[in-house]
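Supplied in structure tokens, the structure appears directly below.
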Amino acid sequence: MASRTFGPILRGERSKVDQSMVNNLLAIFDDEKFMKEMVDTHAPDEGDVDVQSLFLLVDNTLRGTTAIADSVVNPKGTQGSGSPALKPPKEGFNPPLAAINEVACEITCKALDTKNVRETMISIFHELSSYSWVNKAVITLSSLALFYGDFWRLTQIQPSDKLAESMAILKGLPAITMPSDVQKIQVYGVLNEMIKTTLDMTECIVEFEHDSKDVPELSTAIDIPSSVYQIIISVLACSIQFTSLISHADDYKGKELPTFARKVNMIHHTIRRHFEDYKHKKGEIREYQRLQRLFNAPTDNVELIKALLYIKDHPQPLYIGSKKTTDMVESLRRKNVMLLISDLKLTSHDLSTLLKIYSERKFHEERYEIVWVPIIEQEGEDVINQFKNLQSQMPWYSVHSLALINKVAIKIIKEKWHFRQETIVTVLDPQGRLSNKNAMSMIRLWGWDAFPFTDSVGASLWSKPGISWFELLATDMVIPKINEAIKSQKYILLYGAEVTKAIQEIEEPVKKIIEDGVPLVAYNVTKNQLFWSRLESCMHSKLQTKADVHEPLMQDILSLYTNFKKDGGFAILTRGSQVVINDSIVDVTRVLSQYETNWKKQVKGNEKPFDKAFKEHRDRDFVLPRCRHFYIPNMVGYLPEDVKCPVCPRMMKNIVKFECCHGAH
């Protein structure tokens, strides 16, 4: 290393040197190439220092010292604040004195050769190369603490202590304690705050290193080498500034100090923000682990429901709509609880169905309750108003504030109960065990008849003799007056397509067939949201029973949905509730369009009824598609492992696909 010479700096040259120091120090803050050179010097050995014990000494020293400096710089502002509480040092701890003293020399006397700030940094990093990253920062800060603390401690001397008084005068202390320039004393205040800031960001990385050992997934939440580099520069800047202040008491007023302070504050803000983010993420990990254990092995429904809410500061987090009052979670103990989990788009039909269930006397006699758990990502006054409006329509329990929903619990709900914006109803028994992960599908299909909404009830409902998926979909509630057509054994055509042209093409021959006297009623259900909701509920409820997807009922439902979603549209022809054909709208339209020319005579001549003539003509013209596919909507946790092809003996391939229809079916 090149030799350096030290000597007095002439008063006339002071401003130029000061500016050179400012430029050099500020430049290396953001010099990534130079930082990499310093990082590359890192060569730690096994015999490192106990960083926690060393930092405790540094923390005690600087907290005590900065408090003294505050009392001198601003005596009125610190009245009554007292001395900071300092922790006892660890017995038997031996700090690395040689390294501390060597670095102290580097950041004080040698650093005054301001043209070689980079050389000072190089010397510090080489001196500390064998220490851990955090120890590098703490040892460097120790050196400043020793120097800074030794100076300010002399302000506490008794008048009778002439030795200490003489030392204080030699150090220039009267220039601070009895200043003739108010601006000068303010500069010391700025520097003192900068040292506090440097101490705080050092504490962040010390705590992070110690605290993150048991969460390796967060080990890179703070860039430790970069942070240490920035801290050491900050310490060097503080030391140079302080040395300059006490060495040139007559003319040096620290004009460039605010520039340093702003830069150090920016660095501190970044490190502190990363540290707070880390603590938040670690807290979430710990809370997630706690909730996982609770969800996996619940012992009480109250404890599980409490886990969904932030109740520490809210002893009565639940609002009872029918009583217009709040209550404790404990009021749900020893009850069966249906957790209604939804966003603000809970449909009026779902709400109406639940209200009917809630009004049943047996529901309450069997000790059942409903609790609304709103999962809402948005914020703002409009959201709060929508929440309150929806809550006002519910007589059951709900959270009285959106802020009470545990964000970590939301993650568990999404993972374990598969909440994906669509409303679900999770049923818990009094011990907090799952009776049904999602009873919403059976509630939509059967309402009160599905009580008590357990998985076994769902399986029983689907196993009833003669159950018809068409009758579950086609009710007066979904399609007005369709029951009359079913009872009178009319031909019924249900169809739907997302492309208007497909609708127009099927309606043209249908109109002519009806005009020709065929007892056919037709319904376009493309925009009938209730129809689609019930169709998805059929699929979901059936899959929940672990049904054999090879059975005709399941394949019919999957075919209908696939025809609509992937084959341009669907069309179902029935006679009463008996399904004649369940096919794509394109194939059905082609057969209906040939009615006038190809098979009208069979129907009008009473050779064959309309449905049989249609089916024969369709089967004759049917061409086996090259590939057959089923489209199954988002039903995480219930997807079948394998599905048999409905037109050949092979098993179908499982292809995962993600899709967004922007709210449309």
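The values are calculated or read from the model by the stated rules, or taken from the named source; none is laboratory data. In this text the structure is predicted, and so the values were computed from the model without any measurement. No Cβ is skipped: glycine too gets one built from the backbone with ideal geometry, and neighbour counts run over all protein chains shown. Heads up: the accessible areas ignore ligands, DNA and RNA and are worked out on the full protein's heavy atoms, side chains in. Shrake-Rupley method; radii C 1.70, N 1.55, O 1.52, S 1.80 Å.
For the subset of the stretch 466-506 comprising residues that are under 22 Å from residue 559 (Cβ atoms) and among the acidic types (Asp, Glu), which member is farthest from the chain's Cα centre (by Cα)?
Ranking the candidates gives 505 first.
If you don't mind, another one. Within the stretch 296-351, take every residue that is β-branched (Val, Ile, Thr) and modelled with pLDDT under 90 and give me the one that is most open to solvent (accessible area, probe 1.4 Å).
Here the answer is 299.
Between a residue in the stretch 188-202 that is buried (at least 17 other Cβ atoms within 10 Å of the Cβ) and any residue that is of a type in the set (Lys, Arg), which pairs come within a Cβ distance under 8 Å, given they are 6 or more apart or on different chains?
From residues that are buried (at least 17 other Cβ atoms within 10 Å of the Cβ), the pairs are 199/63; 201/272.
Does the stretch 457-489 hold any residues that are in contact with a strand residue (DSSP E or B) (Cβ under 9 Å, 6 or more places away or on another chain) and either surrounded by 17 or more Cβ atoms within 10 Å (Cβ to Cβ) or of a type in the set (Ser, Thr, Tyr) (or both), and which are they?
Those that are in contact with a strand residue (DSSP E or B) (Cβ under 9 Å, 6 or more places away or on another chain) and either surrounded by 17 or more Cβ atoms within 10 Å (Cβ to Cβ) or of a type in the set (Ser, Thr, Tyr) (or both): 457, 458, 468, 469, 470, 473, 474, 479, 482, 485, 486.
While we're here: May I ask you to list the residues in the stretch 438-453 that are assigned to a helix (DSSP H, G or I) and of a type in the set (A, V, I, L, M, F, W, C)?
440, 442, 443, 445, 446, 448, 450, listed by residue number.
Tell me, please, whether a residue that is open to solvent by 30 Å² or more (accessible area, probe 1.4 Å) and assigned to a helix (DSSP H, G or I) can be found in the stretch 539-551.
Initial filter on the stretch 539-551 (open to solvent by 30 Å² or more (accessible area, probe 1.4 Å)): 545-546, 548, 550-551.
Those still in the list that are assigned to a helix (DSSP H, G or I) too: none.
Within the stretch 539-551, none of the residues are open to solvent by 30 Å² or more (accessible area, probe 1.4 Å) and assigned to a helix (DSSP H, G or I).
Could you please find all residues in the stretch 490-507 being free of Cβ contacts under 8 Å to residues at least 40 places away in the same chain and either surrounded by 13 or more Cβ atoms within 10 Å (Cβ to Cβ) or of a type in the set (Gly, Ala, Ser) (or both)?
Residue satisfying the conditions is 507 alone.
How many of the residues in the stretch 427-447 are of a type in the set (S, T, N, Q) and crowded, with 23+ Cβ neighbours inside 10 Å?
Count: 3.
Still on this model: For residues that are within 24 Å of residue 466 (Cα to Cα) and out of contact with any Pro (no Cβ under 9 Å at 6 or more places or on another chain), scanning just the stretch 522-538, find the one that is surrounded by the fewest Cβ atoms within 10 Å (Cβ to Cβ). Please lay out each step first, then the result.
Quick first cut of the stretch 522-538, residues within 24 Å of residue 466 (Cα to Cα) only: 530-538.
Subsequent filtering for residues that are out of contact with any Pro (no Cβ under 9 Å at 6 or more places or on another chain) retains 530-535, 537-538.
Working: 530: 16, 531: 20, 532: 19, 533: 21, 534: 23, 535: 24, 537: 19, 538: 24.
Top of the filtered list is 530.
What number goes with the only condition from (1) within 30 Å of residue 474 (Cα to Cα); (2) touching a residue at least 12 places away in the same chain (Cβ under 8 Å); (3) in contact with a helix residue (DSSP H, G or I) (Cβ under 8 Å, 6 or more places away or on another chain); (4) surrounded by 19 or more Cβ atoms within 10 Å (Cβ to Cβ) that residue 450 does not pass?
For residue 450, the exception is condition (2).
Assuming residue 601 fulfils every condition listed in (1) within 30 Å of residue 458 (Cβ to Cβ); (2) modelled with pLDDT under 90; (3) part of a helix (DSSP H, G or I) apart from one, which condition is it?
All conditions pass for residue 601, except number (1).
Can you run down the residue pairs with Cβ atoms below 6 Å, 6 or more apart or on separate chains, where the first is in the stretch 459-488 and at positive phi and the partner is surrounded by fewer than 20 Cβ atoms within 10 Å (Cβ to Cβ)?
If the second residue must be surrounded by fewer than 20 Cβ atoms within 10 Å (Cβ to Cβ), no pairs are left.
So, one more: Pick out the one residue from 61, 65, 140 that is within 13 Å of residue 236 (Cβ to Cβ), in a helix (DSSP H, G or I) and modelled with pLDDT of 90 or more.
Exactly one of 61, 65, 140 is within 13 Å of residue 236 (Cβ to Cβ), in a helix (DSSP H, G or I) and modelled with pLDDT of 90 or more, namely 140.
Could you grab me the full set of residues in the stretch 352-393 that are in a loop (DSSP other than H, G, I, E, B), open to solvent by less than 80 Å² (accessible area, probe 1.4 Å) and under 23 Å from residue 330 (Cα atoms)? Can you show your working first?
Restricting attention to the stretch 352-393, the residues satisfying the condition of being in a loop (DSSP other than H, G, I, E, B) are 359-360, 366-367, 375-380, 392-393.
Remaining after also requiring open to solvent by less than 80 Å² (accessible area, probe 1.4 Å): 360, 375-376, 380, 392.
Correct list: 375, 392.
Mind counting the residues in the stretch 395-437 that are farther than 16 Å from residue 368 by Cβ and assigned to a loop (DSSP other than H, G, I, E, B)?
The total comes to 11.
Got at least one residue in the stretch 588-602 being farther than 24 Å from residue 620 by Cα and open to solvent by 70 Å² or more (accessible area, probe 1.4 Å)?
No.
If you scan the stretch 409-421, which residues turn out to be surrounded by 18 or more Cβ atoms within 10 Å (Cβ to Cβ) and in contact with a helix residue (DSSP H, G or I) (Cβ under 8 Å, 6 or more places away or on another chain)?
If the condition is that a residue be surrounded by 18 or more Cβ atoms within 10 Å (Cβ to Cβ) and in contact with a helix residue (DSSP H, G or I) (Cβ under 8 Å, 6 or more places away or on another chain), then 409, 412, 419 are the ones that fit.
Can you tell me which residue among 262, 286, 272 is over 30 Å from residue 238 (Cβ atoms) and assigned to a helix (DSSP H, G or I)?
286
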